[in-house]
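Each remark here refers to the structure printed beneath this line.
The values are calculated or read from the model by the stated rules, or taken from the named source; none is laboratory data. The structure presented is a predicted model; accordingly, all values stated were derived computationally and were not measured. As a convention, Cβ positions derive from the backbone with ideal geometry for all residues, glycine included, and neighbour counts pool all protein chains shown.
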Amino acid sequence: MEILKTYKLYIGGQFPRTESGRSYAVVSPSGQHLANACQGSKKDVRNAVQAARKAQGSWAGKSAFNRSQIIYRIAEMLEARKGQFLEELQALGSDLKSATQEVESSIDRCVYYAGWADKFQTLLGSVNPVASSHFNFSVPEAMGVVGVVACQQTALLGFISQVLPALIGGNTVVVIANQKSPLCAITLAEVLATSDVPGGVVNILTGEVSEMLPTLSAHMDVNALSIAPIEAKLQQKAQEEAIDNLKRVRIFAEPLYAESAQGLPYISDFQEIKTTWHPVEQIAGGAGGY
Amino acid sequence: MLGNLSTPELSSLLALSPSIDQIGTNERITRIQARSIKGAAKMQGLRMALSMIDLTTLEGKDTPAKVRQLCFKAQHLHDQAADLPTVAAVCVYPTMVGVAKKALGNSGIKVASVSTAFPSGQAPFEVKKLDTLYALDNGADEIDMVVSRGRFLSGDYQFVYDEIAAIKELCSTARLKVIFETGELDSLDQVRKISDLAIAAGADFIKTSTGKIQPAATFPVVLTMLGAIKDHFDKTGQMIGMKPAGGISSSKLALQHLLMVKEVLGEAWLSNEWYRFGASSLANDLLMQYQKQLTGKYQSAAYFSID
C-alpha cells in the first residue's frame, strides 16, 4: 500500500498543521493530485514570527565558525536525501537532468555559504579614519527577523539562494514557500530539523502568498523582507506596508536559481552596519593613529 | 468574630472545608479556555486587565531608581495610546515603599508592600511585625503578607491563623493580601483549606504565590480559591478579593482568568477593588495586544518600554 506523506508547516522546530485547519491541493503540471499542503493563515504568520524572534538572539550569538558548521551540515543532509528531492522535483514537472542539476546546485550553494560565515565580517567591516581621539570601527550585524517570499519558479534552489545568505549572517527567517510547489520546501524543513539548525531559525509556511504576505510585511517585529519576483501589485503593497517600522525591502528582479545568484551582496542585503566610536587616550605628544 | 477563634472553633471551621474534585476542576477550566474573546469584548478585557495589575518588582537588586522607573511606567503605560487606564498598584519591598509613595504622588495608584519576611516567611513573629509596621509607617496602602507554609503543612493551623489575625490588626485601614505560595502546598484540598483559614482570620484579599516558586498561579489553584471566596460570600455576604500572581504573562491567560472570575463570582468582582494580577511582564503583552487591536498590525517588543 502506498502511504502518502502529510505536508505540514514548519514553525519553531515543530511541524504543526495550520491553525486555520485549511489545506489546498498540490498538483503536477499534468494535473495529477500530488499531495495536500497546509493553507497557512495570518495566525500562522504570527506564530512563525514569534518563533523566529525567540530564536534570533542565540542564533546570532553563535560563533561564526559554528554557524558555518551547521550550514555545512545542511549540505550533508541534502546529499543523503538527494533521491527524495529528485522524485519530488520530477513529480512537479522537471526532467531528470534539470532536477539533478537543481539538487546539486543547491548542495553546492550550502557549502558556498557555509564558507562565508567567518569571512563576510572582514569584508563588510572597516576601521575608519576620524579626526578626533577615537578608535572608530564599523561592523556588520544581523538585522533580526527576515521575512522571505520564496522564488516561485523553482521549488528548491531559489529557496536555498534566499534563505542561506540571510541565515549565515545571523538572521532568522520566516519563509512563505513557493505557492504552487511547496513540497520541496517542507521536505527541506525535515532536513533542517534533523541537521543542527536550532528550532525557530528557519520557519516555513505554505499557502497563498497574497494572504500571508500583508501580515508579514506589516508585522512590527519583522526587520526586513526578501521578496522573489511575484505579482507587481503584491510587491508594491508589501513595500507600502513595510514603512511603519522601516523594514528594509529587497526585491529580487533576477532569477534566484541562476548560477550567478550568490555572493557577498546577498549577505550584506540583510546586515546592518554598526559604527562604534571608542575613546582612546591621547598621550601628550603622541601621534594620532588613524 | 474575626480573628479570635479558639483552637476547637478553628478545627470545626476547617473540617467544613470541602475537598476539591480535581477532574471536575480541570474539566471546567478546559471549557473556559476553549472560549475565544474578540473585538470590542477583547478591547474591554485588555483595558480591564491593565487596570487590575499590581506592577511588581521584587528583586534583591532593586534600587530606588528602578522603583521610580517602575512608578513612572505605572502612570504612563503607553502614551501613544489615548485613554489607557493606569495600573492598580505598584508592589515593592518594604524598604522601597517610601520611594514608591513619593514617586506616585497623588496619581491614585496604590502602593502595596510585601511583608512578613517575604518570600519565605521564615522569621520570628516579632520581625514580621516590625517588617509590616515599617511598610505601614512609610505609607503602604496594601500589605501582601506571606503565611508560614511549614507550620500550615505540619498542621499547626492555630499558629497560621493567629499570625494572619495579628498582622490584620496592625493593618487597620490598609488592605491585607495573604499569600499562600500554593506551589508549596501540594494539593487543591490544602489550597481550599488555607483559603478558608485566611478568610476567617481577616484577609481582605487572598493571593496565590510569591512569584519565586513554580508552579505559581495555575488555573486549578485559582479556581479553587475563587470557590472559597464564593462560599464565604454566599454564607456571609462579605466580599473577599483575589490576586493570582506569578506565571500570568500573556494577554490570553489574563483574559481567561477574567472569564473565570466572572463565571464563578460574577461582575461585582470585575474591578481592581476586588481583583488583581500580580505581574511584571503582563503589562507589556496587554499593551502590545491593545495596539494590535487598534492598528491591525502585530507588534514588536522593541517599541514598548523595558519595565
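Anything in segment B:36-54 that is more than 24 Å from the chain's Cα centre (by Cα) and either under 17 Å from B:GLU267 (Cβ atoms) or in a helix (DSSP H, G or I) (or both)? List them, or say none. Before the answer, list the steps.
Step one: list which residues in segment B:36-54 are more than 24 Å from the chain's Cα centre (by Cα), which gives B:36, B:38-40.
Hits for segment B:36-54 are B:GLY39, B:ALA40.
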Next item on the list: Would you check if there is a residue in segment B:101-112 being closer than 17 Å to B:ILE179 by Cβ and assigned to a loop (DSSP other than H, G, I, E, B)?
Entry: no
Check: Any residue at all in segment B:255-271 that is surrounded by fewer than 22 Cβ atoms within 10 Å (Cβ to Cβ), more than 14 Å from every other protein chain (Cβ to nearest Cβ) and of a type in the set (Ser, Thr, Tyr)?
Finding: yes
Item checked: In segment B:236-254, the residues that are surrounded by 20 or more Cβ atoms within 10 Å (Cβ to Cβ), part of a loop (DSSP other than H, G, I, E, B) and in contact with a Ser or Thr (Cβ under 7 Å, 6 or more places away or on another chain) -> B:PRO244, B:GLY246
Check: Got a number for residues in segment A:244-270 being among the hydrophobic types (A, V, I, L, M, F, W, C), without any contact (Cβ under 8 Å) to a residue 40 or more places away in the chain, closer than 24 Å to B:ALA302 by Cα and assigned to a loop (DSSP other than H, G, I, E, B)?
Finding: 1
Note to self: Quick check on my filter: what residues within segment A:185-219 are crowded, with 21+ Cβ neighbours inside 10 Å and either within 14 Å of chain B (Cβ to nearest Cβ) or basic (Lys, Arg) (or both)?
What the structure shows: A:MET212, A:LEU213, A:THR215, A:LEU216, A:SER217, A:ALA218, A:HIS219
Next item on the list: Write out, first by first residue and then by second, each pair whose Cβ atoms fall under 7 Å of each other, whose residues are 6+ apart or on separate chains, and whose first residue, in segment B:164-190, is at pLDDT 95 or above and of a type in the set (S, T, N, Q) while the second is buried (at least 19 other Cβ atoms within 10 Å of the Cβ) and assigned to a helix (DSSP H, G or I).
Entry: B:THR182/B:VAL191; B:THR182/B:VAL221
Check: Of all residues in segment B:279-307, how many are in contact with a strand residue (DSSP E or B) (Cβ under 8 Å, 6 or more places away or on another chain) and within 18 Å of A:ASN245 (Cα to Cα)?
Finding: 0
Next item on the list: Within segment B:126-142, work out how many residues are surrounded by fewer than 18 Cβ atoms within 10 Å (Cβ to Cβ) and closer than 24 Å to B:GLY183 by Cβ.
Entry: 1
Note to self: Condition (residue is in contact (Cβ under 8 Å) with a residue 40 or more places away in the chain and not in a helix (DSSP H, G or I)) applied to segment A:232-243: is it met by at least one residue?
What the structure shows: no
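Within segment A:220-235, which residues are over 12 Å from A:GLN162 (Cβ atoms) and either within 14 Å of chain B (Cβ to nearest Cβ) or surrounded by 21 or more Cβ atoms within 10 Å (Cβ to Cβ) (or both)?
Pass one, segment A:220-235, residues over 12 Å from A:GLN162 (Cβ atoms): A:220-223, A:230-235.
If the condition is that a residue be over 12 Å from A:GLN162 (Cβ atoms) and either within 14 Å of chain B (Cβ to nearest Cβ) or surrounded by 21 or more Cβ atoms within 10 Å (Cβ to Cβ) (or both), then A:MET220, A:ASP221, A:VAL222, A:ASN223 are the ones that fit.
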Notebook entry, point to check: Given the residues A:SER181, A:SER217, which is the only one that is closer than 30 Å to B:GLN289 by Cβ and of a type outside the set (A, V, I, L, M, F, W, C)?
Noted result: A:SER217
Margin query: I'm trying to understand the selection: among the residues of segment B:258-304, which are under 18 Å from B:GLN33 (Cα atoms) and small (Gly, Ala, Ser)?
Written below: B:GLY266
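May I ask you to verify whether A:THR206 is farther than 25 Å from A:GLY61 by Cβ, of a type in the set (Val, Ile, Thr) and touching a Leu at 6+ places or on another chain (Cβ under 8 Å)? Walk me through it before giving the result.
Details: farther than 25 Å from A:GLY61 by Cβ: yes; of a type in the set (Val, Ile, Thr): yes; touching a Leu at 6+ places or on another chain (Cβ under 8 Å): yes.
Spelling it out, A:THR206 is indeed farther than 25 Å from A:GLY61 by Cβ, of a type in the set (Val, Ile, Thr) and touching a Leu at 6+ places or on another chain (Cβ under 8 Å).
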Check: If you check every pair at least six apart or on different chains, which have Cβ atoms under 7 Å apart with a residue in segment A:29-53 that is away from every other protein chain (no Cβ under 14 Å) first and a residue that is among the acidic types (Asp, Glu) and surrounded by fewer than 18 Cβ atoms within 10 Å (Cβ to Cβ) second?
Finding: A:GLN39/A:GLU208
Check: Which one of these is under 20 Å from B:LYS42 (Cα atoms) and either away from chain A (no Cβ under 14 Å) or modelled with pLDDT of 95 or more (or both): B:PHE277, B:PHE233?
Finding: B:PHE277
Check: among the β-branched types (Val, Ile, Thr) and within 26 Å of B:ASP234 (Cβ to Cβ), is that true of B:ILE167?
Finding: no
Notebook entry, point to check: Among the residues of segment B:143-159, how many are within 11 Å of B:PHE180 (Cα to Cα) and either touching a Cys at 6+ places or on another chain (Cβ under 9 Å) or of a type in the set (A, V, I, L, M) (or both)?
Noted result: 4
Check: Where in segment B:124-229 are the strands (runs of 3 or more DSSP E), entirely inside, with at least 1 residues that are more than 26 Å from B:LEU13 (Cα to Cα)?
Finding: B:142-146
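Could we say that B:ALA81 is of a type in the set (Gly, Ala, Ser), in contact with a helix residue (DSSP H, G or I) (Cβ under 9 Å, 6 or more places away or on another chain) and closer than 27 Å to B:SER305 by Cβ here?
On the way: of a type in the set (Gly, Ala, Ser): yes; in contact with a helix residue (DSSP H, G or I) (Cβ under 9 Å, 6 or more places away or on another chain): yes; closer than 27 Å to B:SER305 by Cβ: yes.
Taking the combined requirement at face value, the residue satisfies it.
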Margin query: Any residue that is away from chain A (no Cβ under 13 Å), crowded, with 22+ Cβ neighbours inside 10 Å, assigned to a helix (DSSP H, G or I) and touching a residue at least 24 places away in the same chain (Cβ under 8 Å) - is there at least one of those in segment B:284-302?
Written below: yes
